[in-house]
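> Dumping the structure here so I can ask a few things about it.
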Amino acid sequence: MRNGLSLKWVISGSFLFLIAVVLLIYSQLLPLYTVRGLLYTASAMMEEEAQYFVRHYKKDPTTPPPHNYFFKSVIGKEALPASVREMLKAPPSMSFGAVQVFGDIDSDDEDAEVRAVLSQPLGDGKTLYMYDIDHDHEEGGEVETPLSDAYFDQVLQGVTFISLAVFVPALIIIALLVWWLVRPLGRLAQWSSTLKNPDAMAGERPDFSFKEFNTLADALAQSVEQVQAASQREGRLLRYTSHELRTPLAVLKANIELLTLQSGGVLPPPLQRIERSVLNMQLIAETLLWMSRESPEPLPEEDIDLSALVGELIDKHRYLIGNRDIELLVDIHSEPCRLPPTACRIVIGNFLRNALQYAEEGQVEINFTYPRLLIANHIREAKPGEESSDFGYGLGLQLMRQLCAKLGWKIDVILEQQRFTVALDFTNLRDDEGAGEDNCGTGKKIAKQKR
């Protein structure tokens, strides 16, 4: 089974990443908006003080301009300190509310002068100027406010704690969401594994909480039902075909035996081809019957001498060589191997038959070193309309793959230019016998035959 991403980790990781991004943005914006809040407070204080002064100034023009620890005010630009008047000649570096800031606010020089100035028209052609007071250069320096600073630090710590505390409910919400989504998905996966059971298909489908999951379950059940129906049709076809073939094959075999007796034990070539075809079809019918079973029992195994079996199959299919100059190179273990004899005869015979039938003049290599059998030949280009001169019954490659899959064997087909190689792997038999054991002896037989 192919490993993939876990849905619960994808959902959890996505939400945690989203929360981390939100907290990162929040931590970046918090200082910015804290400063803006302080600037708003300063602007509101200066503007409110200026508006109160305008109200009293209209009643009594002799009202003195407001003055406190934080800012000072004068009427008219000429009354401003020379340094402030000089700064007003340049455009403001920042504006917030009713206040304009003059000077380089980004400068790292602690002595760089920065002023916040508010200008308020008085209605009689005069203007009230309010500017902040810098106490850093006074004797004793700026006045410390430990109680207020402690309160502000406490507020910031509370904000930081709240930011970190977001993770706890977020993790709880994520865990509940993952459980809410993944739990019905797990039940769906568990239910889907029971679909091969007919009782599960006949029963009522469980509810999986979400419409999408229920739709997926319906589609999955429908697909499995279609596959099972197709498999049943294929199985019935194999069984019916195999059963129907057994009677005519038995009749043909009996009549060939009678003809053999009548001809003195030697059949003419046409009847020999019929005899070989009947034997092949009988083996194929038995194999198809075994493959069509719902729970096929393992085929009986026997100690087989593959070198003898291959030699027998070569003699049996020698007629396929005809007048071609074909050299057989056989390299096979001579010790017996424990394999199903009927299946081996069908599979190896089919591959050998195809190799001899379609090989060009040259070499056909047959090699067996447990657990791998190789049959290689040079193929010729088939001419249009060309057919075999023999009426044999070979199994198709797809059917061979199905047969070997039932047996646990593996087939590899390699086509390189005009060289065709079939590899048959019996690895599963080694696993059945246990690690370190071999189903074959170590003997070897090398033969070189020319036909």
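> Below 13 angstrom from the Cβ of PRO65, what's the summed charge of the other residues (Lys, Arg +1; Asp, Glu -1)?
0
> Moving on. Find how much the distance from LEU415 to THR247 grows on full extension, using 0.36 nm per residue of separation minus their present alpha carbon separation; answer in nm with one decimal. Please list the in-between numbers first.
On the way: separation 168, 0.36 × 168 = 60.48 nm, distance 3.91 nm.
Length gained, LEU415 through THR247: 56.6 nm.
> I need the peptides 99-109, 156-166 ranked by packing, meaning the mean over residues of other C-beta atoms within 10 angstrom, with the highest value on top.
99-109, 156-166
> Taking amide H positions as placed 1.01 Å from N in the peptide plane, with prolines and chain starts having none, which residues 5 or more places from ILE326, or on another chain, fall under 5 Å of its amide H?
Under 5 Å from the amide H of ILE326 lie the amide H atoms of GLY362, ARG451, each far enough along the sequence or on another chain.
> If you don't mind, another one. Give, as ranges by residue number, the residues of the range 69-90 whose backbone N falls under 11 Å from the point 7 Å along Cα→Cβ of ALA150.
Those under the cut-off are none; the list is empty.
> From the C-alpha coordinates alone, can you work out the Kirkwood hydrodynamic radius of the range 191-281, in Å? The partial results should precede the final answer.
Details: mean 1/r = 0.0570 Å⁻¹.
Kirkwood hydrodynamic radius for the range 191-281: 17.5 Å.
> Sorted by mean Cβ packing within 10 Å, highest first, what order do the peptides 311-319, 176-184 take?
Order by mean packing, descending: 311-319, 176-184.
Read the figures in this text as sums done on the coordinates, not as results from a lab. In this text the structure is predicted, and so the values were computed from the model without any measurement. Cβ sites come from the backbone with ideal geometry, for glycine too, and all protein chains shown count toward neighbours.
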